[in-house]
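Quick notes on the structure that follows.
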Amino acid sequence: MRRPETNEDAATLGLNALVWVIGDDSRRDRFLALTGIDPAELRARAGDPGFLAQLLSHLESYEPDLIACAEALAVPPTALVRARAELETA
């Protein structure tokens, strides 16, 4: 039986999504440009649930990236959406 996801699971998924985004120059540059966050702020806020929710929301806003990230992380896209919702309430 699978245990229910927790906020910790959501944070881990958010961090993994962050690693995926910053691992690709064009995705990283797009995220930084659209959010106005600079690399130093990105590093400083990497563990912040609100920031991770913002990153996941960014992925949700462009479905091809949401799907590609989900595939790379071997999770369904809905897991990323759920993680965003959980992190917004954390």
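Readers should treat all values here as calculations from the given coordinates under stated rules, not as data from a laboratory. What you are looking at is a predicted structure, and each value in this text was computed from that prediction instead of being measured. Here the Cβ positions follow ideal geometry from the backbone for every residue, glycine too, while neighbour counts run over all protein chains shown.
For segment 7-88, what is the charge dipole size about the Cα centre, in debye to the nearest 20, if Lys and Arg each add +1 at the Cβ and Asp and Glu each add -1 at the Cβ? Please report the intermediate quantities before stating the final value.
Values: 7 positive and 14 negative charges, 15 e Å.
Roughly 80 debye for segment 7-88.
Compute the helix-to-body angle for 7-22: its Cα long axis versus the longest principal axis of the chain, expressed 0 to 90° and rounded to tens.
Once rounded, the angle reads 30 degrees.
Please give, to one decimal in nm, the separation of the simple spin-label points placed at GLU88 and ARG28, each 7 Å out from Cα toward the Cβ.
For GLU88 paired with ARG28, the spin-label model returns 2.8 nm.
log₁₀ I(q)/I(0) of the chain at q = 0.11, 0.13, 0.22 Å⁻¹, via Debye over equal Cα point scatterers, no solvent, to two decimals?
Summing over Cα pairs of the chain leads to -0.27, -0.37, -1.07.
Loop only per DSSP, at most 16 neighbouring Cβ atoms within 10 Å: give me the GluC sites (Glu not before Pro) in segment 1-85, ordered by residue number. Please list the in-between numbers first.
Details: sites: GLU5, GLU8, GLU41, GLU60, GLU71; in loops: GLU5.
Answer in residue order: GLU5.
Counting Lys +1, Arg +1, Asp -1, Glu -1, what net charge surrounds HIS58 among other residues with beta carbon under 10 Å of its beta carbon? Please list the in-between numbers first.
Values: positive: ARG27, ARG30, ARG84; negative: GLU60, ASP65.
Once all neighbours under 10 Å are counted, the net charge is +1.
In nm, what is the difference between 0.36 nm times the number of residues separating VAL81 and ASP48 and their Cα-Cα distance? Write down the numbers at each step before the final one.
Working: separation 33, 0.36 × 33 = 11.88 nm, distance 1.70 nm.
Difference between extended and current length: 10.2 nm.
Report the calculated FRET efficiency for GLU63 and THR35 (r = Cβ-Cβ distance, R0 = 22 Å), to the nearest 0.05. Write out the running numbers ahead of the final one.
Values: r = 18 Å, r/R0 = 0.83.
E between GLU63 and THR35, to the nearest 0.05, is 0.75.
Relative contact order for segment 3-65: what is it in percent, counting Cα pairs under 8 Å that are at least 6 residues apart? If you can, show how the numbers build up before the last one.
On the way: 26 pairs, mean separation 25.5, N = 63.
RCO, segment 3-65: 40 percent.
Provide the gained length on full extension for the span ALA72 to ASP9, in nm with one decimal, where the gain is 0.36 nm per separating residue minus the Cα-Cα distance. Can you show the working numbers first?
Numbers: separation 63, 0.36 × 63 = 22.68 nm, distance 1.68 nm.
Here the answer is 21.0 nm.
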